[in-house]
Amino acid sequence: MKTAAWIVGGLALTGIATMLSQPGPAGGDMALGVQLYLPTVILGVAGQYCFWRALRSGVGDVWSVLTGRNRKPSAPESQRRSSDSEMDDAGASFDADEAFARYMEQRETPNKSPDISRAPPPAVAHPVVRARSQGGFGRKVV
């Protein structure tokens, strides 16, 4: 769908640029043609850019079909959304105060048992950093 939109945009911009570049009546004012030159060029470049984007979008669409990247795995029955009537029944039995009370109760009583299964990480020995020897031009200091 994006590809079609880019093509339509390119056709429209290129068509407008073509209409602006058409010469007027014989013996028309040349100053008007000079004044419309820059807008004509800008519209023409924008139209060609739209064609370029359409080409890129089309190639990307074909590539995603060939590699199978646009396919979404279907969700199992247990994860699919339920109907609206089931949602209404679940919403009617929900008590916000009760849920907030459970949350506050869990928040106030954190898990006080320390995790013994994890040992502390070993200390990292840092290498000894030596002073750089002076390099380059000039007098050498020992």
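No value in this document is a laboratory result; all are computed from the given coordinates. Note that the structure is predicted; figures quoted are calculated from it, not measured. Reconstructed Cβ throughout: ideal geometry from the backbone, glycine too, with neighbour counts over all protein chains shown.
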Where labels lie 7 Å past Cα in the beta-carbon direction, separation of Arg107 and Leu38 in nm:
6.0
Provide Phe137, Phe51 in ascending order of the number of other Cβ atoms located within 10 Å of each residue's Cβ, fewest first.
Phe137, Phe51
Could you go through region 52-68 in sequence order and give the Karplus-derived ³J(HN,Hα) for each residue, using 6.51 cos²θ - 1.76 cosθ + 1.60 with θ = phi - 60°, rounded to whole Hz, and x for Gly and Pro?
5, 5, 5, 4, 5, 5, x, 5, x, 5, 5, 4, 5, 5, 5, 8, x
Give me a comma-separated list of calculated 3J(HN,Hα) values for region 6-22, in order, Karplus coefficients 6.51, -1.76, 1.60 applied at θ = phi - 60°, integers in Hz, x for any Gly or Pro.
5, 5, 4, x, x, 5, 5, 5, 5, x, 5, 4, 5, 5, 5, 7, 5
Can you work out the Karplus-derived ³J(HN,Hα) for every residue in region 40-50? Use 6.51 cos²θ - 1.76 cosθ + 1.60 with θ = phi - 60°, whole Hz, and x for glycine or proline.
5, 5, 5, 5, x, 5, 5, x, 5, 5, 4
